[in-house]
1. Report whether or not Lys370 is loosely packed, with under 12 Cβ neighbours inside 10 Å, out of contact with any strand residue (DSSP E or B) (no Cβ under 7 Å at 6 or more places or on another chain) and over 26 Å from Arg276 (Cα atoms).
2. Which numbered condition trips up Asp433, out of (1) in contact with a Pro (Cβ under 8 Å, 6 or more places away or on another chain); (2) within 14 Å of Val517 (Cα to Cα)?
3. Give the range 144-175 a look and list any residue that's in a loop (DSSP other than H, G, I, E, B) and out of contact with any helix residue (DSSP H, G or I) (no Cβ under 8 Å at 6 or more places or on another chain), or say none.
4. Among the residues of the range 210-238, write down those that are in contact with a strand residue (DSSP E or B) (Cβ under 8 Å, 6 or more places away or on another chain) and open to solvent by 30 Å² or more (accessible area, probe 1.4 Å).
5. Taking the range 356-377, which residues are at pLDDT 85 or above and assigned to a loop (DSSP other than H, G, I, E, B)?
6. If you go through the range 8-43 one residue at a time, how many are over 10 Å from Ala67 (Cβ atoms) and among the aromatic types (Phe, Trp, Tyr)?
7. What number of residues in the range 394-413 are out of contact with any Asp or Glu (no Cβ under 6 Å at 6 or more places or on another chain), of a type in the set (Val, Ile, Thr) and either within 29 Å of Leu344 (Cα to Cα) or open to solvent by less than 70 Å² (accessible area, probe 1.4 Å) (or both)?
8. Using the structure shown, decide if Thr68 is closer than 20 Å to Ile229 by Cα, open to solvent by 10 Å² or more (accessible area, probe 1.4 Å) and of a type in the set (Val, Ile, Thr).
Amino acid sequence: MITERLYLYDTTLRDGQQTQGVQFSTEEKRTIAEALDALGVDYIEGGWPGANPTDSAFFDHAPKTKATMTAFGMTKRTGHSAENDSVLAAVMNAGTQAVCLVGKTHDFHVRAALGIALDENTDNISRSIAHLKNSGREALFDAEHFFDGYQANPDYALEAVHAAYNAGARWIVLCDTNGGTLPQDVRRITKEVIASGIPGDHLGIHTHNDTENAVACTLAAVDVGARQIQGTLNGLGERCGNANLTALIPILLLKEPYASCFEIGVTREALKGLTRTSRMLDEILNRVPFRQAAFVGSSAFAHKAGLHASAILKDPTTYEHIDPANVGNARIIPMSNQAGQSNLRERLNEAGIKVAKGEPSLGLILDQIKAREALGYSYDTAQASFELLARDALGQMPDFFEVKRYRVTVERRKNKYNEMISLSEAVVVVKVDGVKKLSVSESMDETGSDRGPVNALAKALAKDLGPYQKIIDDMRLVDFKVRITQGGTEAVTRVIIDSEDGEGRRWSTVGVSANIVDASFEALLDAIRWKLLRDRKEAP
């Protein structure tokens, strides 16, 4: 079968930065661009040069990439020539091989937003694209509000995109800017655009996720002939986000008919780094990865019910649509009071613990899990704590260190600026190899901000573990969740802590107590013990 080429255009650095609360630094943009290039996208839209200092600085020092680096801007303004428009000149001066210009294709926006006549707007589009072409650049035209414009006035929407195509645009990108168009309409309209004389191998699709249809709309356009896909990592973007390349890429590579009909720049080998790339972006954004994200979420291949896990043991395809390793993810068998022995044996096997079917210790571990969950513990997500519990029950847990005591104090006082501040101090005494060690730490970070009593405890606990210190030096807390499991005076606090090390490995631990600090300390202890367990061979 002859395959067609599909081109992937990533706009994380430009449209993704429109996400509320997201602002990349120049260095962060370089890091993301390098990750995108390693993944294998065809175009990287670096931003809008001249619009802000960060984007301009990025293009001044853009990394060398196999992907086509692309600058974004807008068509020339009425009253300026393309050659003398200062806004367009700033985009051209970025020196990129490709330039993408956005222009109006909805008659309502031309009249209401730009305040000009329709023929003036068409002329601006044509002259701007011709200027790019004459300057030796690959020209792309983002047809803003195209689908809304087509449904309101199809003749003018087509006039606008044909002006760009006839002027030499390599790609005409149909944009569902408001995100309200549904897949059947995207399919119909894209097909009609192709019938009007713009070939599918010159058409791109750019969708937004305001109806949770961005991926479906993108595939609908591809189904009828569009051959460029625009999107962002993790679906970043204004309002509800853009089409999610983190979902689209594995669909195109692993799902039929796309896998057989199309070729993309991302290889099967590069696809194995998709989960890592997705989580790297979340790390840059300082946000917790979405567990239920398709393909790359930590729960994407989690099997909780005993019946499901039993079938997974026999054949993973019974409840998995792909092998999680294909996207760099992993299967998880969460432990909860719904678990059966099949779940338990599979989860133990994943942890490297071999237990024969029918082994009496399996029943003991399940009883412990159910008893502890009755007290408020949850091992559904706290996989590391589950492994420690199981190893303790099986007599396989090394005694790395013993906590003899700890103390946390919180002081509330005024500083020299007469501002009320709080400061926490933690003291932890541990016994390692028969030697007692006392560590003290405060909650102030390098900026002078108070990070709270749990932070002080974490720093003190990880300050001096003797021969094991090197193992935990690259460990850090990345998320901290608190839940009250009972109400009133009998309230019990459950704390879930997510940790990460220098290899990008993440694990979750749980602690439960009527005292939030005590629950947090229990989860911290489990986090360190699990890290030592996994990497103990490095210790003397």
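1. no
2. Condition (2) is where Asp433 drops out.
3. Residues satisfying the conditions do not exist here.
4. Asn213, Val215, Asn234, Glu238
5. Once the filter is applied, which keeps residues that are at pLDDT 85 or above and assigned to a loop (DSSP other than H, G, I, E, B), the range 356-377 yields Leu375, Gly376, Tyr377.
6. 1
7. Result for the range 394-413: 2.
8. yes
The values are calculated or read from the model by the stated rules, or taken from the named source; none is laboratory data. A quick note: this is a predicted structure, and the numbers were derived from the prediction, not measured. In this analysis, Cβ positions are derived from the backbone assuming ideal geometry, glycine residues included, and neighbour counts consider all displayed protein chains. Keep in mind that these areas ignore ligands, DNA and RNA; they rest on the heavy atoms of the full protein, side chains included. Shrake-Rupley method; radii C 1.70, N 1.55, O 1.52, S 1.80 Å.
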